[in-house]
2 protein chains.
Amino acid sequence: MKVVNVGLTRAPYDVVIGNDLLDRCGEFLRAETGAQKCALVSDTNVYDLYGERVSRSLEKEGFDVLEVVIPAGETSKQMACVSEVCEAMVRGGLDRSSTLVALGGGVVGDLAGFVAAIYYRGIPFMQVPTTVVAQVDSSVGGKTGVNAQLGKNLIGSFHQPLVVVADPQALKTLPEREFNEGFAEVIKHAAIRAPDMLDALDDLEPLIVRNVEIKADIVAQDEYETLDLRALLNFGHTIGHGIEAAAGYGRYLHGEAISLGLVAATRLSVEKAGLPSQDAQKIFSALRRYNLPMALPPDIATADILAALQKDKKFAGRTIRFVLLRALGDAFVSDNVHESDILRAIEDLRSNGLH
Amino acid sequence: MKVVNVGLTRAPYDVVIGNDLLDRCGEFLRAETGAQKCALVSDTNVYDLYGERVSRSLEKEGFDVLEVVIPAGETSKQMACVSEVCEAMVRGGLDRSSTLVALGGGVVGDLAGFVAAIYYRGIPFMQVPTTVVAQVDSSVGGKTGVNAQLGKNLIGSFHQPLVVVADPQALKTLPEREFNEGFAEVIKHAAIRAPDMLDALDDLEPLIVRNVEIKADIVAQDEYETLDLRALLNFGHTIGHGIEAAAGYGRYLHGEAISLGLVAATRLSVEKAGLPSQDAQKIFSALRRYNLPMALPPDIATADILAALQKDKKFAGRTIRFVLLRALGDAFVSDNVHESDILRAIEDLRSNGLH
């Protein structure tokens with residue numbers, strides 16, 4: 001078991017990483033709160049696999065557990081579902097002294113975290129991530145929220161968890177495609193902060209620890225993304241989010257769309273920021289290793305991607321701020337990426353070969 | 001024109017009070033933000049009266065204004081409406097660099113403030129309250145949110161405005177009943193903090209200033225209601241909210257339900273905290289003067305009121321915390337009010353005569 005602390009000034013918290021910790025969720029939560037009632041929010045897939053184990057662990061510590069299970073998938077990540085979870089909690093008698101556990105992948109964590117942020121104007125909560133992307137990225141850092149019809153994550157709050165419990169064993173039940181997609185965020189972390197990680201992708205527990213350390217370090221320094229630091233975590237995400245939206249939610253998994261975004265942002269880094277092409281090749285090889293998509297099919301229109309991307313929150317006013325790499329591990333926010341560059345990068349994604 | 005500062009440590013802001021300030025909203029907002037796009041959120045009633053004036057004033061200062069008009073009334077104060085306003089703003093191209101103006105009464109202020117709290121994880125906003133209750137109370141202090149099906153204000157955020165502009169002239173167009181209901185909160189402020197205000201209810205502008213000063217002072221000391229101080233503002237609200245919900249939203253105006261809650265809490269103060277009965281009579285006289293309801297009709301069931309009240313956020317766990325008065329101006333949070341006391345207080349409300 002390893003513990004990484006997210007060193008926020010106001011409310012630092014631990015990310016606990018280790019095998020079989022799912023059975024100890026109750027202990028970790030009880031150490032942080034005297035709450036009596038607890039909502040366990042999960043989705044249909046994850047609840048079937050791990051819901052009872054986590055529920056039992058919470059009950060063992062005296063929590064009165066209300067289980068709220070939402071349909072699995074990105075389509076749950078919307079305001080109507082937030083509203084339904086809140087109403088279920090009101091009916092279940094949870095109040096401002098209650099707490100919440102988010103058990104699942106990125107969708108559950110983002111949605112349930114947002115519910116915790118706004119229920120009675122905010123109740124404390126725990127993240128129990130069960131996918132690669134949630135364990136290495138989205139469960140840490142306090143960004144919570146849902147999608148608007150025209151753009152991802154446009155509605156939400158900053159709300160940090162009390163504690164995060166990541167059990168690598170939970171990743172064993174992921175279908176291959178869902179397992180692989182998580183590596184897009186791992187490769188992103190490697191690209192912006194830790195190039196040597198590209199040679200150490202196999203051993204899961206230390207890999208999760210390493211990724212959480214990278215994320216925790218950045219979040220502790222720039223909790224609300226007011227500096228240019230936290231923005232570096234958006235490497236690959238501007239074009240990635242545009243593709244994800246233009247393709248229609250459900251076609252690409254989040255990490256698959258981010259893979260395409262990483263390819264585009266890496267090429268732009270070569271063109272505009274002097275990233276050595278052997279560094280770019282290392283990123284491409286890693287993506288390829290996890291069978292992540294690297295070419296854009298013709299039926300996803302460039303105009304749709306651009307339109308979706310313009311709704312994206314990485315744009316402030318009319319200025320396009322875009323994360324580039326000078327070298328592996330050396331990322332920065334550039335003001336020198338224009339709409340025409342992005343257009344060309346999207347078109348370049350259509351050629352299957354990598355130049 | 002008078003300015004009251006809400007002296008929060010992190011982000012203090014001004015409440016500007018004066019006649020004809022509706023035409024100067026743009027100036028006050030421009031002094032606080034360089035934003036280009038601005039959502040003007042109002043309801044059908046208020047927009048018809050003042051929407052264009054405020055819009056013009058914003059445009060004069062270079063804001064690109066997106067008008068979003070919601071149906072007037074408490075039924076708009078729900079998540080579905082929050083979602084619709086957010087989607088309209090996404091379609092209108094507003095992003096994290098945009099701002100928002102809430103023009104209207106308590107419903108618009110609470111709802112639009114909540115939209116500002118969660119849009120792109122929070123954008124800055126201005127309150128332009130146009131009812132008595134909004135000017136003397138709800139526009140100041142940063143509580144934003146909407147109702148759940150089973151309880152008022154259960155979903156929301158703390159999100160302080162950049163500036164509040166209150167124009168007493170706007171109150172001239174209020175129907176008498178809507179004007180009167182606002183005095184429930186004025187009488188509450190007088191009861192907990194400023195008994196002499198009960199003898200100076202006529203002159204609107206200084207009255208608003210005085211009420212904002214009381215609210216600002218309390219909020220500045222206890223922004224997140226973590227001490228027992230801000231909780232004092234709930235005097236009359238526990239039973240009032242229960243009655244409002246049990247009666248069905250729309251039957252009582254908010255202030256009318258609070259009037260009934262004030263009568264009950266005042267009587268409980270006489271019984272349990274030694275409030276002199278002549279002090280109680282002063283509160284009753286003031287409520288009577290504004291034609292506010294003081295007796296509960298037989299068709300609103302006590303069981304429904306109790307059920308609604310148990311969903312209310314003034315209850316923490318199983319402990320009932322209830323605001324009482326020892327004397328006019330001397331309020332405190334009591335742990336000595338039991339369910340049986342509340343039951344009796346509700347039953348006592350059914351007798352028209354005041355004892």
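Computed values, structure above
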item: Calculated P(r) of segment B:2-173 - Cα pairs past 30 Å, %; result: 7 percent
item: Fluctuation leader among B:298, B:206, B:195 - chain B, Gaussian network, Cα springs under 10 angstrom; result: B:298
item: Between segment A:49-82 and segment A:21-40, the alpha-carbon center distance in angstrom; result: 13 Å
item: Efficiency of FRET from Cβ geometry, residue A:332 and residue B:307, R₀ 41 Å, rounded to 0.05; result: 0.10
item: Whole-angstrom Cα spans of the protein assembly as shown along principal axes, big to small; result: 86, 62, 39
item: For chain A, built as a Gaussian network whose Cα springs stay under 10 Å, the top-fluctuating residue of A:263, A:90, A:140; result: A:90
item: Listed residue (A:226, A:147, A:108) projecting farthest to the positive dipole end of chain A, Cβ model; result: A:226
item: Principal axes of chain B: Cα extent on each, largest first, Å; result: 58, 38, 38
item: Label point distance in nm, residue A:176-residue B:32, each placed 7 Å from Cα along Cα→Cβ; result: 5.6 nm
item: Check: segment B:226-348 dipole with +1 on Lys, Arg Cβ and -1 on Asp, Glu Cβ, in debye; result: 280 debye
item: Reach of residue A:60 by Cα under 20 Å, taken over lysines that are not fewer than 8 positions away in the same chain; result: A:37
item: Cα gyration tensor of segment A:242-324 - equivalent ellipsoid semi-axes, whole Å, descending; result: 21, 19, 10
item: Net charge dipole size for the protein assembly as shown [Lys, Arg +1 and Asp, Glu -1 on Cβ; Debye, nearest 20]; result: 220 debye
item: Label-point separation, residue A:249 to residue B:278 (7 Å along Cα→Cβ), nm; result: 6.5 nm
item: Chain A: calculated mean residue ellipticity at 222 nm from DSSP helix runs of at least 4, using -39500 (n - 2.57); result: -12000 deg cm²/dmol
item: Under 11 Å, Cβ to Cβ, from residue B:112 - net charge with Lys/Arg +1 and Asp/Glu -1; result: -1
item: Nearest-0.05 FRET efficiency for residue A:228 and residue A:201, computed from C-beta distance (R0 35 Å); result: 0.80
item: Only Lys, Arg (+1) and Asp, Glu (-1) charged, at Cβ; chain A dipole about Cα centre in debye; result: 600 debye
item: Spin-label pair residue A:59/residue B:350, simplified geometry with 7 Å Cα→Cβ offset, distance in nm; result: 4.1 nm
item: Expected-Rg normalisation [2.2 N^0.38 Å, Cα atoms] applied to segment B:131-182; result: 1.32
item: Sequence-distant residues sharing a close amide H with residue A:120 (under 5 Å, placed H); result: B:155, B:156
item: Long-range amide H partners of residue A:68 with built H, under 5 Å; result: A:40, A:41, A:42
item: For residues of B:152-161, the mean tally of beta carbons on other chains within 10 Å; result: 4
item: Full-stretch length increase - residue B:217, residue B:20 - with 0.36 nm per residue and alpha-carbon distance subtracted; result: 68.4 nm
item: Kyte-Doolittle at least -0.5, axis length at least 20 Å by Cα - qualifying DSSP helices, chain B; result: B:204-221, B:254-273
item: Beta bridges by DSSP in segment A:2-173, antiparallel share as percent, to the nearest 5; result: 30 percent
item: Isotropically averaged projected area of segment A:176-348, using the convex hull of Cα atoms (one quarter of hull area), nm²; result: 9.4 nm²
item: Shape call, segment A:155-247: gyration tensor on alpha carbons, a/c limit 1.5; result: rounded
item: Positive dipole terminus of the protein assembly as shown, leading residue within A:33, B:55, A:54 (C-beta point charges); result: A:33
item: Neighbouring partner chain Cβ atoms per residue of B:115-126, average, 10 Å criterion; result: 4
item: Candidates A:191, A:166, A:327, ranked by Gaussian network fluctuation over chain A, Cα under 10 Å, top entry; result: A:327
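Read-outs: derived from the displayed coordinates by stated rules, not from any lab. Computed from a predicted model, the values in this text were never measured in an experiment. Every residue, glycine among them, receives a Cβ derived from its backbone with ideal geometry; neighbour counts consider all protein chains shown.
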